[in-house]
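S.K.: Before we start, here is the structure in question, set down as structure tokens.
The values are calculated or read from the model by the stated rules, or taken from the named source; none is laboratory data. In this text the structure is predicted, and so the values were computed from the model without any measurement. Virtual Cβ from ideal backbone geometry, glycine too; neighbours counted across all protein chains shown. The protein model used for the area step is the full one, side chains on, heavy atoms only, and it has no ligands, DNA or RNA in it. Shrake-Rupley method; radii C 1.70, N 1.55, O 1.52, S 1.80 Å.
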Amino acid sequence: DALWADDEIVAVGAGRGEVDVWPMGDQGPDRTATRSFEIEGTPLAIARRPGTNMLAVGGGDGSPAEGGFAGSHGAAYIVDLSQPSLSARALPLTGGSPVSALAFTGGSLLVGRWDGTIAVVAVDEPETPVQRVLEIGSSPAGAPAACRDPDRSDDRKVRSIAVDQTGRWLVAGSNNCIVTVWDTGALDQPPQVLVGHSDKVRAAAFVPSTTTLLTAGDDRSIRRWDVQEATGPGIVLTAAADEQRVIALCVAPDGRSVITAGRDHAVRRWTLEGTTLTLEPLVFAAHSQTIRAVSCHSSGRFASLGADGLVMWDLERPPRSGRVVPVGAEVNGIAVRPGVAGDVAVAANDADRGTVVVERPSGDPGEIDLGTTFPFAIAYSRDGELVAVAGDQPAGPDSLAGVAVIYDADTLAEVARTAARPGQTMRAVAVLDASTYATGADGGLIQLSVDGVVREA
């Protein structure tokens with residue numbers, strides 16, 4: 001539900017309160033060096049303070065209660081990335097409203113919440129006191145009629161926050177259709193209210209080195225504003241940026257590439273030139289569920305996070321496609337099928353079961369349910385006809401035993417299997433054909449199976 005990505009790290013928040021932090025390498029995030037920490041509630045927003053090791057995470061419980069969505073267990077946390085073992089320190093916020101948007105500016109952290117407030121927190125102070133609280137107003141008279149309905153007008157949940165590159169302008173998009181703009185040098189003055197959207201404003205981003213603001217949301221439109229001269233409803237750059245609603249938007253450092261995503265599971269890339277927004281013909285399709293967040297690294301590198309996982313996109317590495325990396329499951333192995341098929345098999349497990357997901361460029365993905373087998377290695381045969389998985393499974397009430405299973409790479413049907421002695425997890429596997437394969441297990445045990453005869457070394 002929450003994503004932060006830059007040239008050094010990727011941080012992803014999952015629904016159970018877990019936040020994973022991966023170092024960024026040349027080929028993308030290095031999941032072998034994962035560090036994790038937990039917060040209370042679902043992570044809804046992540047931000048990193050520029051030039052520092054300070055990471056902020058906000059979240060809460062947004063489940064409905066008594067017919068409404070007031071939310072509970074809201075909190076914001078600070079994490080020091082320089083520490084080997086990550087731990088989250090809660091900030092002294094009052095109330096329990098979920099934290100849904102975060103941004104740093106100077107020595108302050110801006111904390112947007114469902115109760116329609118933005119807390120300005122001095123993160124450099126020892127006790128991180130709240131300096132002031134800004135409030136989103138109700139929809140004004142000039143807002144579209146649907147936004148002036150009492151239920152909508154008073155739904156002031158903050159959905160997005162953005163600060164321009166100079167740190168002067170703070171904007172917030174909210175459920176009641178409005179965009180609120182503050183001059184950070186005059187926070188005691190009433191803010192500007194930008195009216196034009198006809199539904200929730202879920203995303204806001206400044207074009208780098210400008211006062212140009214882009215906003216988007218449930219009405220599917222992307223609007224352009226100049227916060228220094230904001231009058232009227234803004235310029236509608238497109239009225240159909242998603243088939244259902246836009247949830248996430250980012251602008252690349254070059255100021256020309258814009259990435260949007262949302263409810264229809266697609267990632268779109270646009271070119272911005274003045275007041276013209278041109279959609280790239282190729283729609284980036286990898287997700288099978290709603291996309292919650294996007295992050296722009298450069299004009300050709302961006303990340304998207306959906307309910308089904310994380311995708312890192314790099315347009316400089318053909319083919320221009322992405323693979324979903326499951327979030328909330330431990331990925332223990334990956335293998336690329338030899339030959340023209342180009343299948344990619346990912347072995348993973350959560351706390352209850354193991355699985356192998358096979359992404360197929362030529363068709364729908366496949367899946368092997370490993371049940372109580374937890375995988376630690378996966379490999380294709382040289383001819384690409386077989387895929388082998390090695391790991392462990394329960395051998396009794398308090399013991400485990402290594403196991404390796406060979407599957408047909410096309411049908412994913414089981415072909416053969418072998419087991420190690422109890423207490424010896426299998427951690428490596430290689431396969432030549434259905435009757436010839438090798439495994440490596442704990443304790444230095446190597447097993448070679450040839451025509452049904454198993455030799456050990």
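S.K.: Just a yes or no: is a residue in segment 39-52 closer than 24 Å to residue 297 by Cα, of a type in the set (D, E, K, R) and either open to solvent by 30 Å² or more (accessible area, probe 1.4 Å) or in contact with a Leu (Cβ under 8 Å, 6 or more places away or on another chain) (or both)?
M.R.: Scanning segment 39-52 turns up at least one residue that is closer than 24 Å to residue 297 by Cα, of a type in the set (D, E, K, R) and either open to solvent by 30 Å² or more (accessible area, probe 1.4 Å) or in contact with a Leu (Cβ under 8 Å, 6 or more places away or on another chain) (or both).
S.K.: Return the only residue of 195, 120 being under 23 Å from residue 52 (Cα atoms) and either open to solvent by less than 30 Å² (accessible area, probe 1.4 Å) or touching a residue at least 24 places away in the same chain (Cβ under 8 Å) (or both).
M.R.: Only one candidate qualifies: 120.
S.K.: Pull up segment 72-87, narrow it to residues that are under 13 Å from residue 42 (Cα atoms) and either out of contact with any Lys or Arg (no Cβ under 8 Å at 6 or more places or on another chain) or touching a residue at least 60 places away in the same chain (Cβ under 8 Å) (or both), then point me to the one that is surrounded by the fewest Cβ atoms within 10 Å (Cβ to Cβ).
M.R.: Checked segment 72-87; the qualifying residue surrounded by the fewest Cβ atoms within 10 Å (Cβ to Cβ) is 72.
S.K.: Related question: Can you name every residue in segment 342-359 that is open to solvent by 30 Å² or more (accessible area, probe 1.4 Å), part of a strand (DSSP E or B) and farther than 12 Å from residue 331 by Cβ?
M.R.: 359 - this is the single residue of segment 342-359 that is open to solvent by 30 Å² or more (accessible area, probe 1.4 Å), part of a strand (DSSP E or B) and farther than 12 Å from residue 331 by Cβ.
S.K.: A further question on this structure: Of the residues that sit in segment 242-288 and are buried (at least 21 other Cβ atoms within 10 Å of the Cβ) and more than 20 Å from the chain's Cα centre (by Cα), which one is farthest from residue 359 (Cα to Cα)?
M.R.: Restricting to residues being buried (at least 21 other Cβ atoms within 10 Å of the Cβ) and more than 20 Å from the chain's Cα centre (by Cα), the top hit is 272.
S.K.: Select from segment 147-166 the residues that are buried (at least 21 other Cβ atoms within 10 Å of the Cβ) and out of contact with any helix residue (DSSP H, G or I) (no Cβ under 8 Å at 6 or more places or on another chain) and list them in ascending order.
M.R.: Answer for segment 147-166, where residues must be buried (at least 21 other Cβ atoms within 10 Å of the Cβ) and out of contact with any helix residue (DSSP H, G or I) (no Cβ under 8 Å at 6 or more places or on another chain): 155, 156, 157, 158, 159, 160, 161, 162, 164.
The rows are residues; the columns are (1) open to solvent by less than 10 Å² (accessible area, probe 1.4 Å); (2) under 23 Å from residue 44 (Cα atoms); (3) of a type in the set (S, T, N, Q).
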{"residue": "181", "(1), (2), (3)": "yes, yes, no"}
{"residue": "184", "(1), (2), (3)": "no, no, yes"}
{"residue": "233", "(1), (2), (3)": "no, no, no"}
{"residue": "237", "(1), (2), (3)": "no, no, no"}
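S.K.: Does residue 90 fit the bill of being touching a residue at least 12 places away in the same chain (Cβ under 8 Å), crowded, with 22+ Cβ neighbours inside 10 Å and of a type in the set (Gly, Ala, Ser)?
M.R.: Answer is no for this residue.
S.K.: Related question: Can you tell me which residue is nearest to residue 251 (Cα to Cα) among those in segment 7-23 that are at pLDDT below 90 and open to solvent by 30 Å² or more (accessible area, probe 1.4 Å)?
M.R.: 7
S.K.: Condition first: among the hydroxyl-bearing types (Ser, Thr, Tyr) and more than 24 Å from the chain's Cα centre (by Cα). Now tell me which residues in segment 165-180 satisfy that.
M.R.: Correct list: 166, 180.
S.K.: Same structure again: I'm checking my understanding of the structure. Among residues of segment 1-57 that are among the polar types (S, T, N, Q) and touching a residue at least 12 places away in the same chain (Cβ under 8 Å), which one is nearest to residue 121 (Cα to Cα)?
M.R.: So the residue we want is 53.
S.K.: Which ones in segment 79-97 are modelled with pLDDT under 95 and not small (Gly, Ala, Ser)?
M.R.: 83, 84, 86, 89, 91, 92, 93, 94
S.K.: Filter segment 423-451 down to the residues that are in contact (Cβ under 8 Å) with a residue 12 or more places away in the chain, outside any strand (DSSP E or B) and open to solvent by less than 70 Å² (accessible area, probe 1.4 Å) and list them by number.
M.R.: 423, 424, 425, 434, 435, 442
S.K.: Within the group 202, 159, 223, which residue is part of a strand (DSSP E or B) and over 22 Å from residue 99 (Cα atoms)?
M.R.: 223
S.K.: Still on this structure: How many residues are among the polar types (S, T, N, Q) and in a loop (DSSP other than H, G, I, E, B) when one looks only at segment 377-394?
M.R.: 1
S.K.: How many of the residues in segment 151-207 are out of contact with any strand residue (DSSP E or B) (no Cβ under 8 Å at 6 or more places or on another chain) and closer than 13 Å to residue 135 by Cβ?
M.R.: Adding up the residues that qualify gives 4.
S.K.: Then there is this: Just to be sure I understand the filter: pairs with C-beta atoms under 7 Å, separated by 6 or more residues or on different chains, first member in segment 289-300 and surrounded by fewer than 20 Cβ atoms within 10 Å (Cβ to Cβ), second member at pLDDT 90 or above and assigned to a loop (DSSP other than H, G, I, E, B). Which pairs pass?
M.R.: Sorted first by the residue in segment 289-300, then by its partner, the pairs are 289/265; 290/263; 290/265; 298/252; 298/253; 299/252; 299/254; 299/256.
S.K.: Select from segment 167-179 the residues that are open to solvent by 10 Å² or more (accessible area, probe 1.4 Å) and part of a strand (DSSP E or B) and list them in ascending order.
M.R.: Within segment 167-179, just 169 meets the criteria.
S.K.: Looking only at segment 374-392, which residues are closer than 13 Å to residue 407 by Cβ and in contact with a strand residue (DSSP E or B) (Cβ under 6 Å, 6 or more places away or on another chain)?
M.R.: Hits for segment 374-392 are 375, 378, 379, 380, 381, 386, 387, 388, 389, 390.
S.K.: Continuing with this model, one more query. Going by what's in this entry, would residue 362 be described as in contact with a strand residue (DSSP E or B) (Cβ under 9 Å, 6 or more places away or on another chain) and either open to solvent by 30 Å² or more (accessible area, probe 1.4 Å) or at pLDDT 85 or above (or both)?
M.R.: no
S.K.: Look at segment 395-413 and say how many of its residues are modelled with pLDDT of 85 or more, farther than 16 Å from residue 379 by Cβ and not β-branched (Val, Ile, Thr).
M.R.: Selection size over segment 395-413: 2.
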